[in-house]
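Chemist: Right, I'll just put the structure down here and ask away after.
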Amino acid sequence: MKLRNIWLPVSLVAAVLVSLGLSGMIWTNPAHSNLSSRTKVTKNSDSNSNTTFQDIYLPSQLVSTDDAGKQELLTNNRVNVATDLRDRMSHFTAEKAKTDSQKNPKKYLAQLKRKGTILLNYNSAISVNFFRKAFNNQLNIPNQKFNRMQLLLNDPSHLYLLNDQGYRIVRVTLKNNRAGKLRHVLADRMVKHRVAFKMFNGKVILDYPKNVKLRTYSYQLTQQTQDYYANRIMTTNSNSNVQIKRHQNSTDYDDHGFRHMTIDKPTDTVTFTNYNSQVKSSSFLQTMNHVYDQLVMVGMPLDSVRFYSYDAGSGTAVFRTYAGGLPVFDQSDFGAIQMKVLDQSSYRMKFSLDSLQVPIPPVQTSATIMSTDELVKQLRNTGIRESKIQGIELGYEWSRDKSLPKVVNLSPTWYVKIGNQWENYQKLIGQK
Amino acid sequence: MNFKRIQLIFLAIFIAMDVMLFLSYNRNSVGDSTAAGSNNILEEMRKDQITFSEPTTKKHEGYYFSGNNGDALHQAAPDLQQQSIRFSGDELVSEFKKPLKITNGSAKQTLDKVVANPGLIADGNQYSYSKQLSSSSEIIYVQRVAHKPIYSHFCQIRFDLDSQQRVVGYSQNYLEGVKILKEAAKTISEERALTWLYQYNEIPNGAKVTWVHLAYTRLLTARGQYVFLPTWVFAVKINNSSAVILKRVNAYTGEVIKTGDNNQTSNANSEIFTLT
């Protein structure tokens, strides 16, 4: 009798609890998001993102110093040295960091030349948090800026973080690092060029004491159509009301609110402004995350494109095409991609419709480049004062082939930074 | 209406709600509980009655390289014995003076020895037997570069079989001067290639994917050199037809590679081609 009275409220409570439980499970299930619409989108948005965050933010330069003090620049031949190194060193953890020296250029240069080391260099300062993500490791030390990382082949329990700005040397104590793995990378076959670090005009440069023989490359030019980008970035799901204005040398796309795109025909460059893109914070890692997400969203081919530099003052990140471990200049006046964060919610991105994807046999397999001393001498002879030179770097010159249509030749040459602009040395000494 | 009746109605409503919630929970977790997107597409493919073995998600490494059919075979030809040789372009066409007998199923063992013999076949050590490309009238050996086979007419030895299962001769193309054009780069996974192929409508309903290989395919010719790149090659057998069609997906970008050469089937889609 009692049981009969009670079964109804009990089962009602049970049913309510079950429904609560089920709703909870559905809400917390991360897969619950609207799936059917997502699978249709993935096909497009993923098609070019074979390049990961880790790939695009690889260090731009690797220099090894052997036990006798001989320094060499490591470039790719069969393997990508930087990815190889990154994959092998991603497992260590670290806790302690101590500043060894500051504002002492002599000591800093000596540190760069330290025997038995590998240096991983970036063109501009990165943060510890960023490095942790790019190298997928556990470097748990206070966030700070550095642009070079020095691994010691004979001492697996330490590494150095170096910053050209202020000549700061920070010594980090490591756990779980296996140096044997690094030696293995160096034992692989790769192309090495004799170099030496040198102070030039108060800046650290990589000096090539002798002539260098470098590979030349040829690529088939892949050109993305205007419509591809117009469809991808100008037609957002809610607003398809895009106004298109055609001018003689350019085409404007405007969605009456958040996005604007201009395609310049003579140079084949796209300028895309997005006024509706929130950046969570202005930390270096967050900015780079944001930049990467936007590159994927726009969907340009990123196969051989890598991070080149970031200028915190103007909020500008530059990406360049890389060939054999060296940057390509002259693709456009800004590199392969330039992204400028305008404010908390908007950015302007410039990129080229051209990209390099399919390599073809070059006419000549290699070219010889003169030494740094010779370059400086030639510059001096044409009246360019050393104090004006902001940087010297070896890179590839992008030029269209004269006989084959849609073919780009990459030939190695010297680039000199003058007035915040990288110039081909031949242009500076009046040969071009 | 008494309180008991209200309780009963509520109970009924809640039970109905539970059933609905349970169903929707179940549907959401199907196919999505494990790593999203492509799995769902595989599910869709099964619904379209496409048969395939579970694709791997492993990424591989491959190169762009170039090479051509130069005169290596012309130079090696005088040293070859027990055969009469002629050239059609760069292709070496040979007829054995004594046809080789092949007993059932021993084709590989017999021909492996022939191919390994430098007196019979030039540069044979660079080729390996391909079960998938061989047929009842032809046995194919493919050249290998960087541990992967090249599926191209320009890098093969084709042994012709007559009606009595005897090898009467062969034709050979040899790729020489192989140069790596770019450092190794990661390819997409087999699963991705398969799902893209499906999404580009390259696999008709009811078809069967009989095998999948990562192999090199010629992409273009530039400056007198053939340029190869890694591709995922899918053998697709269409319903009610014995023909197996090879579909190639660029293993770097996932694009379906269109080839204009070779005999095209009557299929309306011009991207479908057969390998000869």
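Rule-based calculations on the coordinates, nothing more; no lab input. Nothing here was measured: the structure is a model prediction, and the numbers come from that model. Positions of Cβ are generated from backbone atoms using ideal geometry, with glycine treated the same way; all protein chains shown enter the neighbour counts.
Chemist: Could you tell me how many degrees, from 0 to 90 and to the nearest 10, lie between the Cα long axis of helix B:107-116 and the main elongation axis, the longest principal axis, of the Cα atoms of chain B?
Modeler: Taking the Cα atoms of chain B, the angle to B:107-116 is about 50 degrees.
Chemist: For chain A, take the longest principal axis of its alpha carbons; what is the angle in degrees between that and the long axis of helix A:2-28, to the nearest 10 within 0 to 90?
Modeler: Approximately 20 degrees, to the nearest 10.
Chemist: Further question: Once you compute Rg and the Kirkwood Rh from C-alpha atoms, what is the Rg to Rh ratio for segment A:53-197?
Modeler: Details: Rg = 14.0 Å, Rh = 15.2 Å.
Result: Rg/Rh = 0.92.
Chemist: Counting only other chains, what is the mean number of Cβ atoms within 10 angstrom of the Cβ of each residue in peptide A:6-14?
Modeler: Shielding by partners across A:6-14 averages 4.
Chemist: Please average, across the residues of B:11-19, the number of beta carbons from any other chain that are within 10 Å of each residue's own beta carbon, and give a whole number.
Modeler: 6
Chemist: For chain B, what proportion of DSSP beta bridges, expressed in % and rounded to the nearest 5, is antiparallel?
Modeler: Approximately 95 percent, going by the DSSP bridge assignments.
Chemist: Give the order of B:S242, A:S345 when sorted by the count of other beta carbons within 10 angstrom, beginning with the fewest.
Modeler: Listed from fewest to most nearby Cβ atoms, that is B:S242, A:S345.
Chemist: Roughly how tilted is helix A:284-298, in degrees to the nearest 10 and between 0 and 90, from the longest Cα axis of chain A?
Modeler: Long axis of A:284-298 versus the principal axis of chain A: about 80 degrees.
Chemist: Find the eigenvalues of the gyration tensor of the Cα atoms of segment B:125-183, then list the square roots of 5 times those eigenvalues as equivalent ellipsoid semi-axes, largest first, in whole angstrom.
Modeler: Computed over segment B:125-183, the values are 26, 11, 8 Å.
Chemist: Among A:W27, B:W196, B:W232, rank each residue by its count of other Cβ atoms within 10 Å, from fewest to most, as a rough exposure measure.
Modeler: Going from least to most buried by this count: A:W27, B:W196, B:W232.
Chemist: Moving on. Calculate how large, on average over all directions, the projected area of the Cα convex hull of chain B is; give the answer in nm² to one decimal. Each step should come with its number before you reach the end.
Modeler: Numbers: hull surface 85.2 nm².
Orientation-averaged projected area of the Cα hull: 21.3 nm².
Chemist: I'd like to know which of A:Y167, A:Q226, A:V341 lies farthest towards the positive end of the charge dipole of chain A, counting +1 on Cβ of Lys and Arg and -1 on Cβ of Asp and Glu.
Modeler: The residue sitting most towards the positive pole is A:Y167.
Chemist: Helix-only mean residue ellipticity at 222 nm, chain A, DSSP H runs n ≥ 4 weighted -39,500 (n - 2.57), per residue, nearest 500. What is it?
Modeler: The helix-only estimate for chain A comes to -7500 deg cm²/dmol at 222 nm.
Chemist: Also, quick follow-up: Skipping prolines and chain starts, which residues have an amide H placed within reach, meaning under 5 Å, of the one on A:A323, given they are 5 or more residues away or on another chain?
Modeler: A:V328
Chemist: Moving on. Using amide H atoms built in the peptide plane, which far-off residues or other-chain residues are under 5 Å from A:L342 H to H?
Modeler: The list, which skips near neighbours in sequence, is A:Y347, A:R348.
Chemist: Okay, next question. Students often get this wrong, so check it: of A:K145/A:K203; B:K59/B:K108; A:K103/A:K133; A:K203/A:K417; A:K107/A:K198, which have C-alpha atoms separated by over 20 Å?
Modeler: As for pairs spanning more than 20 Å Cα to Cα, those are B:K59/B:K108; A:K103/A:K133.
Chemist: Same structure, new question: Across the Cα atoms of segment B:171-255, what radius of gyration and what greatest pairwise Cα-Cα distance (Dmax) are found, in Å?
Modeler: Spelled out, the Cα radius of gyration and Dmax of segment B:171-255 are 14.9, 44 Å.
Chemist: Let me ask another. Ranking A:D67, B:D18, A:D100, B:D90 by Cβ neighbours within 10 Å, fewest first, what do you get?
Modeler: On the way: A:D67 10, B:D18 20, A:D100 14, B:D90 17.
Ranked by crowding around the Cβ, least crowded first: A:D67, A:D100, B:D90, B:D18.
Chemist: How large is the convex hull of the Cα atoms of segment B:89-207 per residue, expressed in Å³ as a whole number? Numbers along the way, then the final one.
Modeler: Details: hull volume 20.6 nm³, N = 119.
Here the figure is 173 Å³ per residue.
Chemist: Now, a different point. May I have the extent of the alpha carbons of segment A:86-168 along their three principal axes, as whole Å values ordered from largest to smallest?
Modeler: Sorted from largest, the Cα extents of segment A:86-168 read 33, 26, 24 Å.
Chemist: Partner chain Cβ atoms within 10 Å, averaged over the residues of A:349-360 - can you pull that number for me?
Modeler: 3
Chemist: Let me ask another. Starting from a Cα-only point model with no solvent, please compute log10 I(q)/I(0) by Debye for the protein assembly as shown at q = 0.09 1/Å.
Modeler: For the requested q values the scattering log ratios are -0.97.
Chemist: Run lengths n ≥ 4 of DSSP H only: what is the helix-derived mean residue ellipticity at 222 nm for chain B, with -39500 (n - 2.57) per run over all residues, to the nearest 500? Please list the in-between numbers first.
Modeler: Details: 5 runs with 63 residues, N = 276.
Calculated at 222 nm, the ellipticity per residue is -7000 deg cm²/dmol.
Chemist: Taking amide H positions as placed 1.01 Å from N in the peptide plane, with prolines and chain starts having none, which residues 5 or more places from B:A251, or on another chain, fall under 5 Å of its amide H?
Modeler: Those qualifying (amide H under 5 Å, at least 5 residues apart or on another chain) are B:T231, B:W232.
Chemist: On the first, second and third principal axes, largest extent first, how far apart are the outermost C-alpha atoms of segment A:359-428 in Å?
Modeler: Principal-axis extents of segment A:359-428 (Cα, largest first): 41, 23, 17 Å.
Chemist: If we restrict to alpha carbons, what Rg and Dmax does segment A:172-302 come to, in Å?
Modeler: 23.0, 62
Chemist: Have a look at B:Y63, B:A146, B:S106 and report the one farthest towards the positive end of the charge dipole of chain B, computed about the Cα centre with Cβ charges (Lys/Arg +1, Asp/Glu -1).
Modeler: B:S106
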